[in-house]
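Here the structure is laid out as structure tokens; the discussion comes afterwards.
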Amino acid sequence: MTVAPFARSARRYSLGEELFMRHQEQLVRFIASHLPPATPRMAVDAEDLAQETWLRVMSPSSPPPSLVPVTGDQALAWGLPVLLTNVARKVVQAHLTKLVERMANAAPEPSATAA
């Protein structure tokens, strides 16, 4: 059974749903552009990080993030609200920090005998 187009347009969406529908694709592109290209699962990581961003933005328990835009970033030109941009930037930074820590822990220690 399909839903008629007029029935879908008649539905009232919450503010969160409206933001999600309007900015999800742009948010994923923004996050993907801030991930290193060598990441094997970059597309999956970008989707996961976008979901984490939305959870942080919509969580009533999270403290309100700064609304001041960072200059020199293309996010505002892409149409992302400052709030989403700032939260996404923090989510990506935390992800990259964890990635670097995992890589540092996985790298073999230089041998003391090798000279």
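The values are calculated or read from the model by the stated rules, or taken from the named source; none is laboratory data. Keep in mind that this is a model prediction, so the values were computed, not measured. For accessibility, only protein heavy atoms count, side chains too; no ligands or nucleic acids. Shrake-Rupley method; radii C 1.70, N 1.55, O 1.52, S 1.80 Å.
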Would you kindly state how much longer the chain becomes between LEU96 and LEU55 on full extension, computed as 0.36 nm times their sequence separation minus their alpha carbon distance, in nm to one decimal? 12.9 nm
How much accessible area does SER59 have with a 1.4 Å probe, in Å² rounded to the nearest 10? 40 Å²
